[in-house]
Amino acid sequence: MHEALHERAIMLKLAPHLSRPLSIFTPLYKIWEKPYYRTGLKMYDLLAGKTNIGKSRSVSSQEAMKFFPKLKPENLQGGVIYFDGQFDDARMNITLVKTALNRGAVMLNYVAVTSLVHEEGQLAGAQLLDTLTKQHITVSAKCIINATGPFVDAIRTMDDVHAKPMLTVSSGAHVILKQKLCPNDLGFLIPKTDDGRVLFLLPWHEHTLAGTTDQPAEIEFNPKAKQDEISYILHYFSKYFKTDFKNEDILSTWSGLRPLVSNPDANNTAKLSRDHVIVKSKTGLITVTGGKWTTYRKMAQDTLDYAINELAFTPAPCLTKDILLSGASGYQENLSDEISHHYGLEDDISQHLSHTYGSDAIDVAGFAKDGLKTRLHPQHPYIEAEIVYAMKNELAMRASDILCRRTRLAFLDKNAAKSAAPRVIELMQQYYNWDKNKVIEEQNSWADIF
């Protein structure tokens with residue numbers, strides 16, 4: 001935990017536009033829970049040390065009801081508040097890609113590894129396939145690092161068909177609710193359900209995000225939230241709030257896969273290791289797996305240190321603790337005011353751009369000033385300028401890239417994303433000069449997502 005808290009502080013420093021401190025409230029219904037949780041949170045604060053972003057405290061039942069007016073008051077003894085961090089995972093990923101590009105890295109999108117090349121029993125390169133153009137590519141490499149999340153075992157079997165799986169995965173379902181249940185700066189945590197899970201409600205892009213489950217899952221590219229997982233989440237929050245949540249209360253759902261290092265003695269995936277593990281095969285393939293988003297930077301540092309040592313490369317000091325991510329340099333909290341004033345954008349759009357792109361928002365606003373300031377949907381702050389910016393600067397190649405991972409519209413509001421898709425495809429057709437067949441292919445591909 002100490003390492004995660006340390007890395008959290010680094011993330012807040014390196015990407016202040018994408019990450020923020022967030023206080024979390026936990027309701028308590030038994031008198032004995034108060035000293036129990038106060039003691040635990042005192043240790044949490046001590047572990048954070050100098051990187052602590054807020055002091056945990058107790059909350060009375062009256063104060064709890066002010067924060068969450070729709071909370072059921074029966075037997076409520078109050079609660080506790082502690083501080084954690086929050087960030088947008090997809091935008092953080094894209095920002096890391098942009099930062100690497102700016103520092104000279106070569107980044108390829110929609111390119112798959114089809115096989116690994118061996119020479120004299122050692123890895124020497126890989127065969128790649130551009131899945132959009134169908135172009136085959138051969139690369140040579142002194143070192144290959146397999147950092148493919150839940151798909152690491154697929155790459156490991158390319159290296160050695162007899163490689164034993166080292167990974168299992170669990171699925172985490174998430175739900176966006178129509179009702180706004182949380183204040184903008186306060187989340188809600190159920191630390192232990194009847195079956196030992198953790199559930200949360202979080203303010204997320206002006207909506208309420210509810211999650212998450214922890215179920216054994218199959219590895220697939222596009223996991224979907226299953227109805228039993230959705231019902232589980234809705235049922236549990238109905239126990240705490242004055243609303244009997246139904247499917248009709250949902251704007252969007254999705255599911256993600258967590259890579260967990262296997263432990264044959266564990267009874268369920270909630271008890272498997274989430275710490276990262278680095279291993280090297282007999283042929284030299286280095287695999288890093290497990291871990292979590294908060295410690296992504298330390299995982300990368302540990303992996304490169306391991307590779308340098310194993311392959312006798314010339315070592316160099318790690319600099320990533322201090323490299324500001326794309327959009328962080330020059331970012332100020334009042335950036336949205338500047339965007340509204342100079343580019344004539346509405347306040348919610350300006351705030352969205354500044355927190356999504358940081359100082360790079362000025363470039364997006366420039367496209368808006370050139371005639372692309374129309375919203376993709378009237379109830380959301382995403383604008384057409386972001387489509388062009390994503391194609392020029394963020395390797396966006398498909399409509400799903402725009403609507404799911406450059407903006408978050410499909411994750412926030414499925415019907416709004418459906419409504420916006422034709423205009424997104426139209427702008428992409430103009431930029432990439434797609435022919436009719438490609439447009440139809442893209443329309444069908446997008447429809448399949450829903």
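The values are calculated or read from the model by the stated rules, or taken from the named source; none is laboratory data. Predicted model, so just to flag it, every value in this text is computed and none were measured. We place every Cβ from the backbone using ideal geometry, glycine too, and count neighbours over all the protein chains shown.
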Go through segment 390-399 and count every residue that is surrounded by 17 or more Cβ atoms within 10 Å (Cβ to Cβ) and either in contact with a helix residue (DSSP H, G or I) (Cβ under 6 Å, 6 or more places away or on another chain) or of a type in the set (Lys, Arg) (or both).
6
When you scan segment 374-382, do you find a residue that is in a helix (DSSP H, G or I) and not assigned by TED's automatic domain parsing to the domain that holds Leu18, even just one?
no
Would you be able to tell me the number of residues in segment 265-292 that are at pLDDT 90 or above, in a loop (DSSP other than H, G, I, E, B) and in contact with a helix residue (DSSP H, G or I) (Cβ under 8 Å, 6 or more places away or on another chain)?
4
Condition check for Pro381: farther than 24 Å from Trp204 by Cα and either in contact with a Cys (Cβ under 8 Å, 6 or more places away or on another chain) or not hydroxyl-bearing (Ser, Thr, Tyr) (or both):
no
Quick one: how many residues across segment 203-217 are over 19 Å from Cys404 (Cβ atoms) and touching a Ser or Thr at 6+ places or on another chain (Cβ under 9 Å)?
5
Please go through segment 200-219 and give me each residue that is within 17 Å of the chain's Cα centre (by Cα) and at pLDDT 90 or above, ordered by number.
Phe200, Leu201, Leu202, Pro203, Trp204, His205, Glu206, His207, Thr208, Leu209, Ala210, Gly211
Quick check: anything in segment 422-445 crowded, with 22+ Cβ neighbours inside 10 Å and closer than 18 Å to Arg91 by Cα?
no
Which of (1) assigned to a strand (DSSP E or B); (2) in the same structural domain as Asp302 (by TED's automatic domain parsing) is the odd one out, the single condition Gly187 does not satisfy?
(2)
Suppose we filter segment 186-234 for residues that are under 17 Å from Pro27 (Cα atoms), free of Cβ contacts under 8 Å to residues at least 40 places away in the same chain and of a type in the set (Gly, Ala, Ser); how many remain?
2
Counting only strands (runs of 3 or more DSSP E) entirely within segment 13-102, those with at least 2 residues that are in contact with a strand residue (DSSP E or B) (Cβ under 6 Å, 6 or more places away or on another chain), touching a residue at least 24 places away in the same chain (Cβ under 8 Å) and within 30 Å of Leu403 (Cβ to Cβ) are 19-28, 78-87
Just wondering, is there one or more residues in segment 222-233 that are in a strand (DSSP E or B), under 25 Å from Lys414 (Cβ atoms) and of a type outside the set (S, T, N, Q)?
no
It is to be established whether one or more residues within segment 68-85 are surrounded by 17 or more Cβ atoms within 10 Å (Cβ to Cβ) and not assigned by TED's automatic domain parsing to the domain that holds Phe25.
no
Restrict the check to segment 231-251 and report whether at least one residue is of a type in the set (Phe, Trp, Tyr) and at pLDDT below 90.
no
Can you give me the number of residues within segment 279-293 that are surrounded by fewer than 19 Cβ atoms within 10 Å (Cβ to Cβ) and of a type in the set (Val, Ile, Thr)?
2
Given the conditions (1) under 22 Å from the mean Cα position of the chain (by Cα); (2) at pLDDT below 95; (3) within 28 Å of Leu311 (Cβ to Cβ), and given that Pro165 satisfies all but one, which numbered condition is not satisfied?
(1)
Residue match in segment 198-212 (condition: exposed (fewer than 13 other Cβ atoms within 10 Å of the Cβ) and on the phi < 0 side of the Ramachandran plot)
no
Close pairs from segment 423-434: first touching a residue at least 12 places away in the same chain (Cβ under 8 Å), partner aromatic (Phe, Trp, Tyr) and buried (at least 16 other Cβ atoms within 10 Å of the Cβ), Cβ under 8 Å, at least 6 apart:
Ile425/Trp446; Met428/Trp434
Which number in (1) free of Cβ contacts under 8 Å to residues at least 60 places away in the same chain; (2) closer than 18 Å to Lys98 by Cβ; (3) surrounded by 12 or more Cβ atoms within 10 Å (Cβ to Cβ) marks the one condition that Asp347 misses?
(2)
Check whether at least one residue in segment 132-152 is of a type in the set (Lys, Arg) and assigned to a loop (DSSP other than H, G, I, E, B), and report yes or no.
yes
Test Lys418 against the stated conditions and say whether it is assigned to a helix (DSSP H, G or I), surrounded by fewer than 17 Cβ atoms within 10 Å (Cβ to Cβ) and not aliphatic (A, V, I, L, M).
no
Just one of (1) assigned by TED's automatic domain parsing to the domain that holds Tyr296; (2) assigned to a strand (DSSP E or B); (3) touching a residue at least 40 places away in the same chain (Cβ under 8 Å) trips up Thr114, so point out which.
(3)
